[in-house]
Amino acid sequence: MARRTEAYVDTSALIAFVDRSDSHHPLFRRLFSDPPELVTTPLVVAEGHGWFLKRYDRIRALQFLALIDELKPLRIIPVGPEESAGGAGMIRKFSDQDLSLTDAVGLHVMKGHGIRQCWSTDFHLSLAGASLVINQY
């Protein structure tokens, strides 16, 4: 059996998976029930933790971190100087867009790892050519 394609996971996909009030919750609940190899960065994890902390409370934020720890097959790629510089380069390349550093590093990681599919609800994550899963369903 062929290995399914690796996908990059953005904060918006993780929020939609956890937050039942999100309009994309049914899709991401289904996708996370049988995922391919998944990749994200600590910036995405930090952004998600902060979202749950501000929108709800520290208990929900801690539950989010527990989910990340349990989520298989999620691989968290470290962000060092090379990834940060690559993200800054993406911000310059797409300077007409309101890109966060988290999103820009995600674009760099997808490009550098040859990842063609992105689990996100944010159109910015398709700027470098990755296909957004929400456009496939």
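The values are calculated or read from the model by the stated rules, or taken from the named source; none is laboratory data. Here the structure is a predicted model, which is why all the values come from computation and not from measurement. Ligands, DNA and RNA are stripped out before the accessible areas are found, and what is left, the full protein with its side chains, is counted by its heavy atoms. Shrake-Rupley method; radii C 1.70, N 1.55, O 1.52, S 1.80 Å.
Shape of the range 20-101 from the C-alpha gyration tensor: prolate (a/c of 1.5 or more and a/b above b/c, with a ≥ b ≥ c the square roots of its eigenvalues).
Counting only protein heavy atoms, what percent of the accessible surface of the chain is carbon or sulfur at a 1.4 Å probe?
Working: 3990 of 7560 Å².
Percent of accessible area from carbon and sulfur atoms in the chain: 53.
Return the label of the correct value of Kirkwood radius over Cα pairs in Å, as calculated from the structure shown, out of (1) 15.1; (2) 16.7; (3) 15.8. Correct label, based on the coordinates given: (1). Note that the chain presents 55 Å² accessible area per residue, ligands and nucleic acids not counted, probe 1.4 Å. For the set Ser84, Ser33, solvent exposure ranked by accessible area (probe 1.4 Å, protein chains only) runs largest to smallest as Ser33, Ser84.
With only Cα atoms counted, the range 55-111 has Rg and Dmax values of 14.5, 38 Å. For the residues Asp57, Asp69, Asp122, Asp103, a 1.4 Å probe over the protein chains yields an accessible-area ranking, largest first, of Asp69, Asp57, Asp122, Asp103.
With a 1.4 Å probe rolled over the protein heavy atoms of all chains, the accessible area of Tyr56, Tyr8, Tyr137 falls in the order Tyr137, Tyr56, Tyr8, largest first.
With contributions of -39500 (n - 2.57) from each DSSP H run of at least four residues, the per-residue ellipticity at 222 nm computed over the chain stands at -15500 deg cm²/dmol.
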